[in-house]
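Below is one structure; the comments refer to it alone.
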Amino acid sequence: MPAGTRPTVVDWTADGRGVRVLDQRALPRETTWLDCRTTAEAVEAIRALAVRGAPAIGVAGAIALAAAAARLAETRLDPSAFAAALGVDAAALRAARPTAVNLPWAIDRMLAVGAGAGDDPRAAAAAMRAEATAVRDEDRAMCAAIGRHGLALVRDGARVLTHCNAGALATAGIGTALAPVYAAVAAGRRVAVLANETRPLWQGARLTAWELAQAGIPVTVCADALAATLMRRGTVDLVLVGADRICANGDVVNKVGTYGVALAARAHGVPCYVAAPWSTVDAATPHGDAVEIEQRARDEVARPGGLAIVPDGVPVENPAFDVTPAAYVTAIITDRGVHRPPYSFT
Ligand code: MRU
């Protein structure tokens, strides 16, 4: 979405005492915002996907923890009680969703800045406020850089298939996977996007389609099951997806279904690119099998929109993410450039 028309996805509340998120559960029907002024409210917003997408939950966690520090500092706790209470809030935020590395990355960064500010809780809270704002601003800048680096991969007339939503709605900026699309359109190229619907929570149908339509970029929503056929027909020039975690060996953890898209792309000679900010690169995790995959509620699959489609008593599997082995990824676009195998993410 071009700057200026982009809604605030994640930021400070107007009074600076909490985190404001665009409530993505309501899209595309309604555009409403949620102000979270307690840690419990922020945790619930992240857990329930009111705010979602790896970079956006990192920014939300950073602002929520800075706001928590400010509230705690007002109660004039002694330094050790302040640190202990802040640790409880940090642990709750970190546990809200386990797979995207951006959330613990942001929480650790905030705690380190707070601890480095000395013994005065008010000084720690002030330093954390500035750091949370920096996390937000850096995310915006990283998205823009991904767009610049990915621009060469999106030629005039390109047909791009994407899965889930890794656009402006998933970040504080223009997105990751969609950043090269926005950059190409800004450069005057014609680009059409095929958005996988992305079951069970429909991030492609509800969110990617919404933000691209708002931006005036042609988008067609496709059933997830159609992706391989589109590639066999030769109507996809490239795949562009985001990531929740990129491991040291280049394995990519992203929305469930990404692996199947990557396999189909490989089978049909379609390049498959992953775009993510450096905050999604987890050099400490050697490979995808070492990543905890979030398991979500049965009803997301069994009762979409409240309609029971699975017989009672029949179990459902609902992992939110899958692992795409590095071998099926053509290249990884970050704010630092276009990385090709063998990767050295250190
Ligand atoms: O469960 P979600 O909607 O948070 O999943 C989001 C994804 O899988 C995105 O592709 C990923 O976080 C990258 S967002 C820039």
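Every read-out reported here was derived from the displayed coordinates using simple, explicitly stated rules and does not represent laboratory data. Source: prediction; values computed, not measured. Using ideal geometry, Cβ is built from the backbone for each residue, glycine included, and neighbour counts are taken over all protein chains shown.
Can you name the helices of the chain, as whole DSSP H runs, whose Cα span along the helix axis is 30 Å or more and whose Kyte-Doolittle mean is not below 1.0? Before the final figure, lay out each step's value.
Numbers: long enough: 54-74 (31 Å, 1.44); 121-150 (43 Å, -0.27).
Span-like helices here: 54-74.
Looking at the chain as a GNM with Cα springs under 10 Å, which of 260, 306, 234 has the largest mean-square fluctuation?
306
Could you pull out every residue, at least 5 positions away or on a different chain, whose amide H is within less than 5 Å of the one on residue 176? Hs are placed 1.01 Å off N in the peptide plane, and Pro or chain starts have none.
HN-HN under 5 Å from residue 176: 167.
For residue 235 and residue 31 in the same chain, what is the full-extension length gain: residue separation times 0.36 nm, less their Cα-Cα distance, in nm? Let's see the in-between values first.
Values: separation 204, 0.36 × 204 = 73.44 nm, distance 3.27 nm.
Taking 0.36 nm per residue and subtracting the Cα distance, the gain is 70.2 nm.
What ³J(HN,Hα) values, in whole Hz, does the Karplus curve 6.51 cos²θ - 1.76 cosθ + 1.60 give for region 212-229 when θ = phi - 60°, with x put for Gly and Pro?
With coefficients 6.51, -1.76 and 1.60, one gets 6, 5, 4, 7, x, 9, x, 9, 10, 8, 10, 4, 3, 5, 8, 4, 5, 5 Hz.
Could you work out [θ]222 nm for the chain from helices alone, using -39500 (n - 2.57) per DSSP H run of at least four and dividing by all its residues? Round to the nearest 500 deg cm²/dmol.
Values: 10 runs with 126 residues, N = 346.
-11500 deg cm²/dmol, from helical runs alone.
By how many nm would the segment from residue 123 to residue 278 lengthen if fully extended, with 0.36 nm per residue of separation less the alpha-carbon distance? Let's see the in-between values first.
Values: separation 155, 0.36 × 155 = 55.80 nm, distance 2.84 nm.
Working it through step by step, the gained length comes to 53.0 nm.
Quick one, what does Rg over Rh come out to for region 147-339 if you take C-alpha atoms and the Kirkwood Rh?
Values: Rg = 16.2 Å, Rh = 16.8 Å.
Looking at region 147-339, the ratio lands at 0.96.
Taking the number of other C-beta atoms within 10 Å as the exposure measure, put 41, 131, 292 in order starting with the fewest. Kindly include the intermediate steps, with their values, before the conclusion.
Values: 41 16, 131 24, 292 12.
If I rank by nearby Cβ atoms, fewest first, I get 292, 41, 131.
Looking at region 147-339 only, what percent of DSSP beta bridges run antiparallel? Nearest 5 please.
Values: 11 of 30 bridges.
Around 35 percent antiparallel, to the nearest 5.
If the chain between residue 141 and residue 190 were fully stretched, how many nm would it gain, using 0.36 nm times the residue separation less the Cα-Cα distance? Could the numbers behind the result be given before it?
Numbers: separation 49, 0.36 × 49 = 17.64 nm, distance 2.41 nm.
Separation in residues times 0.36 nm, less the Cα-Cα distance, equals 15.2 nm.
How big is the C-alpha Rg of the chain next to the rule-of-thumb value 2.2 N^0.38 Å, as a ratio? The partial results should precede the final answer.
Values: Rg = 19.8 Å, N = 346, 2.2 N^0.38 = 20.3 Å.
Ratio of Cα Rg to 2.2 N^0.38 Å: 0.98.
Could I have the simple spin-label model distance between residue 267 and residue 214, label points 7 Å from Cα toward Cβ, reported in nm to one decimal?
3.6 nm
Where Lys and Arg each count +1 and Asp and Glu each count -1, what net charge lies around residue 156 among other residues with Cβ under 13 Å from its Cβ?
Values: positive: 155, 159, 189, 190; negative: 237.
Within the 13 Å Cβ shell, the charges total +3.
Efficiency by 1/(1 + (r/R0)^6): what FRET value for residue 308 and residue 112, r their Cβ-Cβ distance, R0 = 35 Å, to the nearest 0.05? Before the final figure, lay out the partial values.
Numbers: r = 47 Å, r/R0 = 1.35.
Efficiency for this residue pair is about 0.15.
At R0 = 25 Å, how high is the FRET efficiency between residue 75 and residue 290 if r is their beta carbon distance? Nearest 0.05 is fine. Spell out each step's value before the answer.
Details: r = 39 Å, r/R0 = 1.58.
Efficiency for this residue pair is about 0.05.
Just want the ordering: 217, 246, 46, 146, from fewest to most Cβ atoms lying within 10 Å of their own Cβ.
Values: 217 21, 246 30, 46 26, 146 33.
In increasing order of surrounding Cβ atoms, one gets 217, 46, 246, 146.
Could you order the peptides 191-202, 7-18, 158-169 from most to least packed, using the average number of other C-beta atoms within 10 Å per residue?
Numbers: 191-202: 22.3, 7-18: 16.7, 158-169: 27.4.
Going by the mean number of other Cβ atoms within 10 Å, highest first, we get 158-169, 191-202, 7-18.
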